[in-house]
Amino acid sequence: MISSLAYIHPEAKIGENVEIAPFVFIDKNVVIGDNNKIMANANILYGSRIGNGNTIFPGAVIGAIPQDLKFQGEETTAEIGDNNLIRENVTINRGTAAKGRTIVGSNNLLMEGMHVAHDALIGNGCIIGNSTKMAGEIVIDDNAIISANVLMHQFCHVGGHVMIQGGCRFSKDIPPYIIAGREPIAFCGINIIGLRRRGFSNEAIESIHNAYRIIYQSGLNTTDALKKIENEFEKSPEIDYIVNFIRSSERGIIK
């Protein structure tokens, strides 16, 4: 299942039942788990760590050095979890001294031509559209859906279960459970369809909806809005996530 036309460095570690097509390049200091499929012309470079059951499409490049002039050749990694679909020409750079590793979790779909920069952290179950570009040290929580041609500023944090409209660009954090869109990017309501598909109860959805009414429509500043939510809402994982996400935001949230 390994083509004689592929190059695999003798020090690379390859698991069981791995399919490697012609013209694949696998560098030294690479670890690839079991049941992966690596298609023609993919490049798995120094420092890559790939889990199990991934499919890597033609032209993808994993583990290239960061596009960061502060990078001085330090030992870093690009770490991929399990059961990801990494489509054509996706690029995933390894980390820098800042965090030491770039991480893509499990069960993600990374569509054609999208870029994951150094020290980024992508959770699980995310869908990221064609040609979306992520700058360094961004964080994307689980089950986020980011449409095509989205531009993300470095250090941004995207909450779980969000839906981001195609073509957006942003430099502030996007809190969980919402739809974000328009130009300039703004809060457009909560992601009701996505939440129902993920099995959230009607009560949880209503609680999320009411919390964001206070945050975005009450006229209160963010600090007072969060205090009101904490004082008046029944405690739940969803409310805790919203409050803690916004309170810990270093860049501030979209309006």
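What follows is calculated from the coordinates using simple rules that are stated; it is not laboratory data. Keep in mind it's a predicted model, so treat the numbers as computed, not measured. Neighbour counts run over all protein chains shown; Cβ positions are idealised from the backbone, glycine included.
In units of the compact-protein estimate 2.2 N^0.38 Å, the chain shows a Cα radius of gyration of 1.09. Net charge near R251: determine it from the other residues with C-beta under 12 Å of the C-beta of R251, scoring Lys and Arg +1 and Asp and Glu -1. Residues close to R251 contribute a combined charge of -2.
With contributions of -39500 (n - 2.57) from each DSSP H run of at least four residues, the per-residue ellipticity at 222 nm computed over the chain stands at -5500 deg cm²/dmol. Between V139 and residues 5 or more places away or on another chain, which pairs have amide H atoms under 5 Å apart, with H built 1.01 Å from N, and which residues are they? Excluding prolines and chain starts, which carry no amide H, the hits are L121, C156, H157, V158. Of the GluC sites (Glu not before Pro) found in the range 158-239, the ones in coil according to DSSP and having at most 15 other Cβ atoms within 10 Å of their Cβ are E234. In the elastic network of the chain, a GNM with C-alpha springs shorter than 10 Å, the most mobile of D142, D34, D240 is D240.
Scalar couplings 3J(HN,Hα) for the range 169-183, obtained by applying the Karplus form with A = 6.51, B = -1.76, C = 1.60 to θ = phi - 60°, are 9, 7, 10, 10, 6, 10, x, x, 6, 10, 9, 10, x, 6, 9 Hz; x denotes Gly and Pro. For a 22 Å ceiling on Cα separation, which of these pairs sit above it: K13/K133; K228/K255; K99/K133; K13/K37; K99/K255; K70/K255? Listed pairs above 22 Å: K13/K133; K99/K255; K70/K255. Of all trypsin sites (Lys or Arg not before Pro) in the range 8-86, which ones are in loop regions per DSSP and have a Cβ with at most 13 other Cβ atoms within 10 Å? Counting only loop positions with at most 13 other Cβ atoms within 10 Å, the trypsin sites (Lys or Arg not before Pro) in the range 8-86 are K28, K70. The three principal axes of the C-alpha atoms in the range 195-248 carry coordinate ranges of 32, 20, 17 Å, sorted with the longest axis first. The alpha-carbon atoms of the range 7-137, seen along their principal axes, cover 36, 32, 21 angstrom, with the largest extent given first.
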